[in-house]
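Visitor: Take a look at the following structure, please.
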Amino acid sequence: MTSLERKESLIRITLLLVAFSAVSVLVMITFFIFGEGTPIMLRYGLKKFLFNLDWFPTQGSYGLLPMIVGSILVTSGALMIGVPFGLAGAVFLTEFSSKKMRRIIKPVIELLAGIPSVVYGFMGVVVLVPFIRETFGGPGLSVLAASIILGIMILPTIISISIDSLEAVPPSYREGSIALGATRWQTTRMVMFPAARSGILASIILGMGRAIGETMAVIMIAGNAIAIPRTPLEPVRTLTSNIALEMAYASGEHREALFATGVILFLIIMVLNTAANLTSRKRGR
Amino acid sequence: MALRPAGIPGYLNLREHLAVLVGLFLLGATSILSSSCGRSSAEKSITIAGSTSVQPFADRWAEVYMKKHHGLSINVQGGGSSAGIQAAKSGAAHIGMSSRDLRPEEKGLLEVIVAWDGLAIIVHPTNPVDELSIVQIQNIFAGNIRSWALVGGPDKEIHVVTREEGSGTRGAFLEMVMGRMRISKRAIVQDSNGTVREIVANDPFSIGYISLGLVNERVKAVRLDGVEASVENIEDKKYRLVRPFLFVTSGPPGPGVRDFLNFVLSREGQELIEEEGLIPVYKE
């Protein structure tokens, strides 16, 4: 073994250890959350835990359904706002704008991702919530407010990944379509979109993951009521806000129930991430 | 000769001499360090944690006390009553703050009542409703009365704002107002006195409850069965919604903490919080 080879293998082992430490943290978190959270789910009954409507943790009633529904409502609301705007933005920047414009606008949009979520929440409280209260009625802190703010928060994820995948489509596809007499929009809709489909799907799933995991902004603007909202103007509580709101005070069984909330959230996010990985792997093929 | 003791039996040579000196020095240094460390945990810094209702007042005490005792730092943290009691029990904090009585399973700690606080039911300043009865408040928070028209206001939906599960203020409200009734599941939940006040200050049709000491001109405290929420009425025992603010320690406090507690209970300490709207203990 030459000294160069020895050096090489030393570097390889060091990097392996560093990489492994990151993975081991994930493994530890997983064991910890499941270890703390699953006993109460089994003791209380998984079915009751998932489908009971009453969350009164200090009185021993742990129904998580309102929060599960809340997370789903707020996340799908965010997608309804974030996906059309995000895709329109990505299509405009790749297909209809000059390269110079894209070079300016794309970094600006990516800057949005760097704004701390508490700032989004604050803007929501100061601007959006009073606006909703005065225009539509209700308390303003609502599913609608949370959906709009989260919709804006996931824009950078959706736009930048969609742009990347649209740009990855071979130029010959676009040129061929235009040579056949299709208009720009026809080319975008019938050639570019299908070709970049898996990347776009992955961007939406990653945006969804961001929306479902967001906590601070949601606590500030969603109202956090423990009932399933009947209209978009009513307050709602998500899984993440449930944990963050009550963790400081919780002890005993209540604390375990919050860890169990974490288990549910963990599973949902795992499924989303796996789906994102699978779809983007398909793109690689 | 003094420079050459090396050869003489029974004397240390120069190197050994140095080694002993260094050893002694290290021993002395560590003992000084350890003793000063031991002292610092009792006197150089005091950690206080718990109820967000008590926190602003504890901050005030800490601020004034630190001005008098240079080199001492008092660290006041929030987290809520239950967390504060837990922290005092585990030793994570020297003092835990609680804005409710201790539960049976939390007993065994030393508790000191450091002040009394009124609980104010607040509405928007433009709300025409000035007075509510306990029964009306119960039914509003339980979700049975849903329109302001039923209690003498405009025909608008009532937006109930409450605190999160486990909060001391919520605990006190449940105990003193709700009795066996539950707070509506549709109520908006906020995690501090400040955010409850912020929402009520901005939403003309909302109602919430916060510490009386934190009521300002942006919200209106309603009269309770005709009695205004004021320090005088609490002292005269006319206003019913009063709760203790507690400092708890696990076992007898150290000298530094004891001295701080003495300051808190002194006339000066109590006057400080009286200025801020709390009721001092000696008046009770």
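The values are calculated or read from the model by the stated rules, or taken from the named source; none is laboratory data. Bear in mind that the values here come from a model prediction, so they are computed numbers and not experimental data. Methodologically, a virtual Cβ is constructed for each residue, glycine included, from the backbone with ideal geometry; neighbour enumeration extends over all protein chains shown. We work out accessible area using only protein heavy atoms, side chains counted, and drop any ligands, DNA or RNA first. Shrake-Rupley method; radii C 1.70, N 1.55, O 1.52, S 1.80 Å.
Visitor: Please go through segment B:196-219 and pick out each residue that is in a loop (DSSP other than H, G, I, E, B) and within 18 Å of B:Glu276 (Cα to Cα).
Guide: Hits for segment B:196-219 are B:Val215, B:Asn216, B:Glu217, B:Arg218, B:Val219.
Visitor: Also, I was wondering about something else. Filtering segment A:207-232 down to residues that are more than 21 Å from B:Ser184 (Cα to Cα) and part of a loop (DSSP other than H, G, I, E, B), which residue is farthest from the other protein chains (Cβ to nearest Cβ)?
Guide: Among those that are more than 21 Å from B:Ser184 (Cα to Cα) and part of a loop (DSSP other than H, G, I, E, B), it is A:Glu214.
Visitor: Still on this model: Counting just the residues of segment A:130-143 that are in contact with a Gly (Cβ under 7 Å, 6 or more places away or on another chain) and not hydroxyl-bearing (Ser, Thr, Tyr), which one comes out nearest to the other protein chains (Cβ to nearest Cβ)?
Guide: For segment A:130-143, the residue satisfying everything is A:Pro139.
Visitor: It is to be established whether one or more residues within segment B:87-99 are surrounded by fewer than 19 Cβ atoms within 10 Å (Cβ to Cβ), part of a helix (DSSP H, G or I) and in contact with a helix residue (DSSP H, G or I) (Cβ under 7 Å, 6 or more places away or on another chain).
Guide: No, every residue in segment B:87-99 fails to be surrounded by fewer than 19 Cβ atoms within 10 Å (Cβ to Cβ), part of a helix (DSSP H, G or I) and in contact with a helix residue (DSSP H, G or I) (Cβ under 7 Å, 6 or more places away or on another chain).
Visitor: Let me ask something else. Does A:Ala244 satisfy the condition of being modelled with pLDDT of 90 or more, out of contact with any Phe, Trp or Tyr (no Cβ under 7 Å at 6 or more places or on another chain) and either within 14 Å of chain B (Cβ to nearest Cβ) or under 18 Å from A:Ser165 (Cα atoms) (or both)?
Guide: Taking the combined requirement at face value, the residue satisfies it.
Visitor: So which residues in segment A:249-271 are surrounded by fewer than 19 Cβ atoms within 10 Å (Cβ to Cβ) and modelled with pLDDT under 85, if there are any at all?
Guide: A:Ser251, A:Gly252, listed by residue number.
Visitor: Filter segment B:65-78 for residues that are part of a helix (DSSP H, G or I) and either among the charged types (D, E, K, R) or exposed (fewer than 15 other Cβ atoms within 10 Å of the Cβ) (or both) and give the result.
Guide: Listed by number, the residues that qualify are B:Lys67, B:Lys68.
Visitor: Which condition number does B:Arg146 fail, the rest of (1) open to solvent by 10 Å² or more (accessible area, probe 1.4 Å); (2) within 29 Å of the chain's Cα centre (by Cα) being met?
Guide: For B:Arg146, the exception is condition (2).
Visitor: Of the conditions (1) small (Gly, Ala, Ser); (2) crowded, with 19+ Cβ neighbours inside 10 Å; (3) free of Cβ contacts under 8 Å to residues at least 12 places away in the same chain, B:Ala187 fails just one. Which one is it?
Guide: (3)
Visitor: May I ask you to list the residues in segment B:221-233 that are in contact with a helix residue (DSSP H, G or I) (Cβ under 9 Å, 6 or more places away or on another chain) and either open to solvent by less than 30 Å² (accessible area, probe 1.4 Å) or not in a helix (DSSP H, G or I) (or both)?
Guide: If the condition is that a residue be in contact with a helix residue (DSSP H, G or I) (Cβ under 9 Å, 6 or more places away or on another chain) and either open to solvent by less than 30 Å² (accessible area, probe 1.4 Å) or not in a helix (DSSP H, G or I) (or both), then B:Ala221, B:Val222, B:Leu224, B:Asp225, B:Val227, B:Ala229, B:Ser230 are the ones that fit.
Visitor: Kindly indicate whether B:Glu131 is touching a residue at least 24 places away in the same chain (Cβ under 8 Å) and surrounded by fewer than 21 Cβ atoms within 10 Å (Cβ to Cβ).
Guide: It is true that B:Glu131 is touching a residue at least 24 places away in the same chain (Cβ under 8 Å) and surrounded by fewer than 21 Cβ atoms within 10 Å (Cβ to Cβ).
Visitor: From the residues in segment B:193-211 that are under 17 Å from the mean Cα position of the chain (by Cα) and open to solvent by 30 Å² or more (accessible area, probe 1.4 Å), which one is farthest from the other protein chains (Cβ to nearest Cβ)?
Guide: Going through the qualifying residues, I end up with B:Gly194.
Visitor: If we scan segment A:168-186, do we find a residue that is crowded, with 24+ Cβ neighbours inside 10 Å and part of a helix (DSSP H, G or I)?
Guide: no
Visitor: Can you pull out the residues in segment A:57-74 that are part of a helix (DSSP H, G or I) and either free of Cβ contacts under 8 Å to residues at least 12 places away in the same chain or among the acidic types (Asp, Glu) (or both)?
Guide: Those that are part of a helix (DSSP H, G or I) and either free of Cβ contacts under 8 Å to residues at least 12 places away in the same chain or among the acidic types (Asp, Glu) (or both): A:Gln59, A:Ile72.
Visitor: Okay, next question. Please state which of the following conditions B:Ile140 fails to meet, knowing it meets all the rest: (1) open to solvent by less than 40 Å² (accessible area, probe 1.4 Å); (2) of a type in the set (Val, Ile, Thr); (3) farther than 25 Å from A:Thr58 by Cα.
Guide: (3)
Visitor: Residues in segment A:112-122: is at least one open to solvent by less than 40 Å² (accessible area, probe 1.4 Å) and within 14 Å of chain B (Cβ to nearest Cβ)?
Guide: Yes, some residue in segment A:112-122 is open to solvent by less than 40 Å² (accessible area, probe 1.4 Å) and within 14 Å of chain B (Cβ to nearest Cβ).
Visitor: Could you list, in sequence order, all residues of segment A:28-57 that are open to solvent by 80 Å² or more (accessible area, probe 1.4 Å) and more than 24 Å from the chain's Cα centre (by Cα)?
Guide: A:Leu42, A:Arg43, A:Leu46, A:Lys47, A:Lys48, A:Leu53
Visitor: Do we find a residue being in a helix (DSSP H, G or I) and more than 13 Å from every other protein chain (Cβ to nearest Cβ) anywhere in segment B:160-174?
Guide: The answer is yes; a qualifying residue exists.
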